[in-house]
Ligand code: CAO
């Protein structure tokens, strides 16, 4: 079967997590992704967080499926020639170097345009143009600078970062969308363009609802859906709202049976207004369905702590899965707190290919997250990540290099 991005060639100059997330998605949609790596060492993540001596780390393998790897010293004069051919050969160049690195290599936008006016040059940087544009950025820096950390955690605790890699993988997703949009526009203009996704911008985009609340707070001085209401005072900035949904439907995390020994015996419970009567019935508080202090969403807002305490008294008598089954019978939205251990075993995720088992020649079999985006006419088959330089000769041959020329490049340590 064909794939959505068949025929698109990607010169993948990405490393670590943010950029590789983007190019892995492009590869899953069918693009030929050629990962360019430093001879000898390659992407630094190959050797980071190793669990199998001598084998590429899970950090690397889980972010670089379906790609081909070529080693190339792109600062060597001969390496630059190879890179020029690659630029002419490909449709998209994706990079997430520190600011200015591509220019220092001699491949700024103008040069790339000269070589291939149809090329799309897509970059991830920590910050967009402005005061911080020269700064290097990693995941948690982006979470802090993009508004996630200041709004995550408990009111009486410090800012918190989240395990979801919204700075790296989140920005990679943004960039992938920018690239396919640019490819689409190229069909009518015939020209490439630059695509930039800054990690601060991507995190802020994902924190959009907190900017909404910032403006509501500035106007009204209070956020009635937040746990600080009604007993605590609000400052001038959106506070951390613990596990409160903070949105139109109040929700929080409640304990379930077994929580004393299981750190994940919890459930997210949403007290959705349309099913309030059912909630009252399930938790044995039938009178709340008609009590004026509880029967409307507005009346409930100052009493959310009391309501969730009553809900928790009920969930404490059930495991998270028992509670979920009962609540779903009544159409009450909720979700179990699932550990990675549970997710890795979840059969439905295996069935859809969101969790896949992959064979690797040096590390054996491992579990990974497959393509979370399903296209009905472009199915994803997850293939293992390439070994360092596994496709160097094959790619050079496609670029027109003969055996002797490849041997000379190897002797000069260019590849
Ligand atoms: N051949 C020769 N040189 C190469 C090369 C190759 N194939 N590939 C990379 N290099 C060189 C670069 O040109 C650069 O050289 P200069 O510093 O002389 O210009 C050098 O390797 C290091 O690149 P770097 O500065 O990008 O890497 P770093 O380890 O110093 O910084 C990071 C890493 C992530 C902080 C930085 O790349 C960055 O801020 N990137 C943008 C934001 C980003 O994506 N952050 C997410 C990181 S986690 O996903």
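Any read-out appearing in this document is the output of simple, stated calculations on the displayed coordinates, not a laboratory observation. Keep in mind that what you see is a predicted model, and the values were worked out from it rather than measured. With ideal geometry, Cβ positions are generated from the backbone for all residues, glycine too; neighbour counts draw on all protein chains shown.
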C-alpha long axis of helix 320-329 to longest principal axis of the chain, angle in °: 70 degrees
Gaussian network model of the chain, Cα within-10 Å springs - most flexible of 317, 162, 392: 317
The chain, helix-only ellipticity at 222 nm - DSSP H runs n ≥ 4, -39,500 (n - 2.57), divided by all residues, nearest 500: -10000 deg cm²/dmol
Nearest 10 degrees, 0 to 90: helix 18-28 Cα axis against the chain principal axis: 80 degrees
Label-point separation in nm, residue 313 to residue 208, each point 7 Å along Cα→Cβ: 4.0 nm
Highest-fluctuation residue, 297, 379, 274 considered, GNM on the chain with Cα pairs under 10 Å: 274
Choice from 205, 96, 66 with maximal GNM fluctuation in the chain (Cα, 10 Å cutoff): 205
Fraction of beta bridges assigned by DSSP in the chain that are antiparallel (%, nearest 5): 40 percent
Folded to 0 to 90 degrees: helix 169-189 orientation relative to the chain principal axis, Cα: 60 degrees
Distance-filtered residues of region 245-279 - backbone nitrogen under 13 Å, label point 7 angstrom along residue 326 Cα→Cβ: 256-257, 279
Gain on full stretching of the segment that runs from residue 138 to residue 345 - 0.36 nm per residue minus C-alpha separation: 71.5 nm
Spacing of the two label points (7 Å from each Cα toward its C-beta) at residue 187 and residue 293, in nm: 6.2 nm
Value of Rg to Rh for region 163-270 (Rh from inverse mean 1/r over Cα pairs, i.e. Kirkwood): 1.15
Cα centroid separation - region 329-394 against region 1-70, whole Å: 15 Å
Largest-first principal axis extents, alpha carbons of the chain, Å: 86, 47, 41
Between region 183-199 and region 87-105, the alpha-carbon center distance in angstrom: 14 Å
